[in-house]
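Nothing in this text is a laboratory measurement; each read-out follows from the coordinates by a stated rule. Everything numeric here is computed off the predicted structure, so don't read it as measured data. Positions of Cβ are generated from backbone atoms using ideal geometry, with glycine treated the same way; all protein chains shown enter the neighbour counts.
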Amino acid sequence: MEVRLLEATPDPEELICRGARNDYMSEFNPDLSFEETMASVDGETMEEKKRTLIGHLMQHGHFGPFEHPSATFAIKGVSRACMAQITRHRHVSFDVQSMRYVSFDDVDPERVAEGEMVVTPPSASDPNWVGRNQKGGAVDEETIAKREEVFRQSVKRSVEDYQELLDLGMPPEDARFVLPIGSKVNIVMSMNARMLMHVADMRAAADAQWEIREMTEEILDLAAEWCPVTFDYYEEKMRNRKNRLAP
Ligand SMILES: Cc1cc2nc3c(=O)[nH]c(=O)nc-3n(C[C@H](O)[C@H](O)[C@H](O)COP(=O)(O)OP(=O)(O)OC[C@H]3O[C@@H](n4cnc5c(N)ncnc54)[C@H](O)[C@@H]3O)c2cc1C
């Protein structure tokens, strides 16, 4: 998979602070400079003042100001199983690559068996991988070799069947019904900083599936560059606690 930041609100933390300070000042905020807006906040430098105010908001559960800045991420090559999970979040906006308008008629089924077009889960080849709801634990080399063979043959065969159905004149929107849920998809998604923390609460957690967890970890890394004070605080003080952002 690949995760990139496509677009994001510039100066997100100035926006968060302006939003929050608005609540406690009589002046109309746009008439003030950022220095004037932050004048009464503790701290020697603007960086310290931001840390003071943002830390205070996070600590007291004043999450509204974090809804102002938003970021758009482009995700390449996650499974449609992962897509089904992330698209459950109703305050995230999505564009999802279509299987009605994009057909996979020129994909070589041999290459599908090698990992093209369909995500290969680590449990297909790692004998020590233990996932949720798994019967038993680690397996021996013979079992994992068989498991990998069944997986690779199955995805290859379904792409062969898909292409045969296309050759028989079936529209891609119907032929896709035989494709695996592991088929790769590209997604563009936008969310505000509050929602990003909520998604991370649920999807970077230990009980989330490995793929959506990996995707969310990468999103969190990009968020920490985009909105550093907020996501440093989140990482240090809030991550891995019970979900509190949107009870
Ligand atoms: C480990 C894990 C396993 C899961 N397993 C399943 C499963 O087996 N089957 C399944 O169907 N789903 C499953 N889910 C999905 C889960 O139930 C949620 O639908 C999904 O995570 C979206 O999160 P959310 O409920 O916080 O809502 P979001 O859409 O992310 O909304 C954010 C917050 O807004 C508020 N909100 C949004 N809409 C409403 C509303 N209509 N009414 C009241 N409050 C609202 C809530 O406070 C919510 O937490 C699973 C999720 C996880 C993390």
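Once you sort the root eigenvalues of the Cα gyration tensor of the chain as a ≥ b ≥ c, which label holds: rounded (a/c under 1.5), prolate (a/b larger than b/c) or oblate (the other case)?
Numbers: a/c = 3.55, a/b = 2.09, b/c = 1.70.
It is prolate, given that a/c is not under 1.5 and a/b is the larger ratio.
What list do you get for ARG213, ARG100 if you sort them by fewest beta carbons within 10 Å? Walk me through the numbers before you get to the answer.
On the way: ARG213 17, ARG100 10.
Ordered by Cβ neighbours within 10 Å, fewest first: ARG100, ARG213.
Just rank THR52, THR143, THR230, THR45, fewest to most, by other beta-carbon atoms within 10 angstrom. The partial results should precede the final answer.
Values: THR52 16, THR143 12, THR230 27, THR45 8.
So the residues, fewest neighbours to most, are THR45, THR143, THR52, THR230.
Estimated from the Cβ-Cβ distance and a Förster radius of 51 angstrom, the FRET efficiency linking GLU160 and MET46 is about 0.25. Relative contact order for the stretch 103-180 using alpha-carbon pairs under 8 Å, separation at least 6, rounded to a whole percent? Once normalised by length, the contact order is 33 percent. Considering only ALA138, ALA71, ALA113, the mean-square fluctuation computed in a Gaussian network model of the chain, springs between alpha carbons under 10 angstrom, is largest for ALA138.
Sequence-distant or interchain residues sharing an amide H contact under 5 Å with SER70, placed H: which? It is THR9, by chain and number.
Counting Lys +1, Arg +1, Asp -1, Glu -1, what net charge surrounds PHE28 among other residues with beta carbon under 15 Å of its beta carbon? Each step should come with its number before you reach the end.
Numbers: positive: ARG18, ARG21; negative: ASP23, GLU27, ASP31, GLU36.
Summing Lys/Arg as +1 and Asp/Glu as -1 gives -2.
Need one word for the stretch 125-234: rounded, prolate or oblate. Basis is the Cα gyration tensor (sqrt eigenvalues a ≥ b ≥ c); a/c below 1.5 gives rounded, then a/b vs b/c decides. Working shown, then result.
Working: a/c = 3.48, a/b = 1.43, b/c = 2.43.
Oblate, since a/c reaches 1.5 and b/c is not below a/b.
Considering only Cα-Cα distances, which of the following residue pairs are longer than 26 Å: LYS76/LYS156; LYS50/LYS237; LYS50/LYS76; LYS146/LYS184? It would help to have the intermediate numbers written out before the result.
Details: LYS76/LYS156 21 Å; LYS50/LYS237 16 Å; LYS50/LYS76 34 Å; LYS146/LYS184 23 Å.
Beyond 26 Å: LYS50/LYS76.
Rounded to 0.05, the FRET efficiency of the GLU110 and ALA74 pair, given R0 = 35 Å and the Cβ-Cβ distance, is 0.75.
Under a Gaussian network description of the chain, with springs only between Cα atoms under 10 Å, the residue in ASP106, ASP201, ASP221 that fluctuates furthest is ASP106.
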